[in-house]
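The values are calculated or read from the model by the stated rules, or taken from the named source; none is laboratory data. Everything quoted here is computed from the prediction, not taken from an experiment. No Cβ is skipped: glycine too gets one built from the backbone with ideal geometry, and neighbour counts run over all protein chains shown. Just the protein is used for accessible areas: all its heavy atoms, side chains included, with ligands, DNA and RNA removed. Shrake-Rupley method; radii C 1.70, N 1.55, O 1.52, S 1.80 Å.
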Amino acid sequence: MTKIFRFGVIGCGLMGREFASAAARWLHLADARARPEIVAVCDTNAALLDWFKGNVPSVRQFTGDYKELLANPDVDAVYCAVPHVLHQQFYIDILKAGKHLLGEKPFGMDAAQNREIMAVLAEHPELLVRCSSEMPFFPGAQKVIALAESGEMGDILEVEAGFLHSSDIDRQKPINWKRMADINGEYGCMGDLGMHVLHVPLRLGWRPQTLHAQLVKKITERPDGKGGMAPCTTWDNATISTRVTAGDQDFPMVLKTWRIAPGEANTWYIRILGMKKSAFFTTKSPRQWQWMDYSGGTQAWSTEDLGYGSLFPAITGKIFEFGFADAIQQMWAAFVDELAGGNANGFGCATPEEARAHHAVLTAALKSGRENVVVPVDYEGATAR
C-alpha cells in the first residue's frame, strides 16, 4: 500500500498552489512508494484560502495563524513558502513542532538567520529538511549532472550557471516584496535565485573559494499600486566570477542571477566545458541537451532530444515534452521518496548544508559587489554584512 504523508502548506501563493497541483496529479507518477496529501493550509489572504477550498478537497484546516497549523497533530510535514524575512521564525517554529520541512530559498534572509535555523535543525536529526530548487530535475539537466559525475570530462575549463528573468526590464511593473530589502534581504536577486544557480555546482562538490561580484541596480523606483512611486532597494542583477578548487581540479565558475535579462522569460541553464567532454542544458530548449566529445579530431557539438525521461518514471511517453510543472512534481517526488526512506532515485532536493554553503557564497558576493574587491568565501563563519 502506498504510504501517505499529510502536509500543511504555509503560504498559499504561486508555489503553494503549484504544490497542490503536483499533489493532485500524483497518479501521473509510476510506482511511487508514497504520496502527499494536503490536509491544512495557512495564509493571511482569504482569497488564497478560498482557492484551496474550491480545488483541494483533502484540506480540513484553513487558518490565518501558522501556529494553529503547527499544532495540528494530523500534519506530518510542512511546505513553507513565505517572504524571506519570515524564514527564520517560521522555519524554527516548524522544526520545534516536530514537522518535516520543505522550505523555500534562500532558507533564511541572510547568513545570520540561516545559522539560527541550522542550530535548531541540529537539535532535530529525526526530521527531514530540504530546500526548494526544481530546475535540476529537468531530464537535460540530469544528463549534464551525470556526465559531470562520471569523471569523463577531463580537466574542467569553466563552468557557467545562471537564472535569467526579463520582466523587471519593464519600469512600470508594480513593486513587490522582492524589491524591498527589509523583506527580501540585502542579497536582492541573489537571495531569490542563488539556490537555483548553486544547487548543481554544490552537489558536484564545486565550492567557490574566492569570488568577485558585479552587482547591478538599474531601476531605483517602481509604481506602488496607489498612484505613487516606491523605492526599489534590492539588486537587479548579479554576475559572480568565482574560482573553484576541488580535488585536482582548479577552474573558474561564473554564476548569474539576473532579473533584468532582455529577452529571457524564465531561463535556467548550466554549461560545463572540459578538455575531453563538454555539456550544456538550458530550459529554453527543454527537451534537448548538448554535449561534445573531443579526442583530437573534429570539435562538434551533438544535440539529443530527450522527451519525457524523468528521474521518477511517469505515465507520459518518452516522446513527449517535459516542462516546469513536471520539474515541480519531480522535486516533490524526490522529497516524498526520502520521507518514505528512499534515496530520491539518486538526486535529492537541495540540503540544508547546501543552503548554508550558498549563503556563504552570497554573503561574500554582497561584500565583493559593494567594495569592488576579490573576497574569500568563508563557509564556516559567514556573517551577513
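Tabulated data for the structure shown
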read-out: Anchor LYS217: aspartates and glutamates whose Cα lies under 13 Å away (excluding residues fewer than 8 positions away in-chain); value: ASP168, GLU186, ASP236
read-out: For q = 0.06 Å⁻¹, Debye-computed log10 I/I(0) when each Cα of the chain counts as one equal scatterer; value: -0.23
read-out: Heavy-atom accessible area order for LYS284, LYS99, LYS256, LYS217, largest first, 1.4 Å probe; value: LYS284, LYS217, LYS256, LYS99
read-out: Percentage relative contact order, the range 29-95, counting C-alpha pairs under 8 Å, at least six apart; value: 28 percent
read-out: Heavy-atom accessible area order for SER167, SER368, largest first, 1.4 Å probe; value: SER167, SER368
read-out: Accessible area of the range 3-131 divided out per residue, in Å², using a probe of 1.4 angstrom; value: 41 Å²
read-out: Percentage relative contact order, the range 3-131, counting C-alpha pairs under 8 Å, at least six apart; value: 24 percent
read-out: In order through the range 98-106: 3J(HN,Hα) via Karplus (6.51 cos²θ - 1.76 cosθ + 1.60), integer Hz, x for Gly, Pro; value: x, 9, 4, 9, 10, x, 8, 6, x
read-out: Mean Kyte hydropathy of -0.5 or more with a Cα span along the axis of at least 20 Å, helices from DSSP in the chain; value: 189-203, 324-339
read-out: The range 271-324 versus the range 181-229: alpha-carbon centroid distance in Å; value: 28 Å
read-out: Entries of LYS3/LYS178; LYS178/LYS226; LYS3/LYS53 with Cα pairs more than 26 Å apart; value: LYS3/LYS178
read-out: Overall form of the range 119-171 per C-alpha gyration tensor (a/c, 1.5; a/b vs b/c); value: oblate
read-out: Dipole magnitude of the chain about its Cα centre (Cβ charges: Lys, Arg +1; Asp, Glu -1), debye to nearest 20; value: 580 debye
read-out: Rounded accessible area per residue of the range 254-306, 1.4 Å, Å²; value: 50 Å²
read-out: Relative contact order (%) - the chain, alpha-carbon pairs under 8 angstrom, separation at least six; value: 20 percent
read-out: Amide H partners (placed H, <5 Å) of ARG222, local residues excluded; value: ALA230, CYS232
read-out: Accessible carbon and sulfur surface of the chain relative to its total accessible area, %, 1.4 Å; value: 51 percent
read-out: Cα gyration tensor, the range 251-385 - rounded (a/c under 1.5), prolate or oblate; value: oblate
read-out: Extension gain (nm, one decimal) between TRP301 and LYS96, 0.36 nm per residue minus Cα-Cα; value: 68.7 nm
read-out: Largest to smallest accessible area among TYR91, TYR379 [probe 1.4 Å]; value: TYR379, TYR91
read-out: Long-range amide H partners of GLN288 with built H, under 5 Å; value: LEU306
read-out: Where labels lie 7 Å past Cα in the beta-carbon direction, separation of GLN214 and LYS53 in nm; value: 5.2 nm
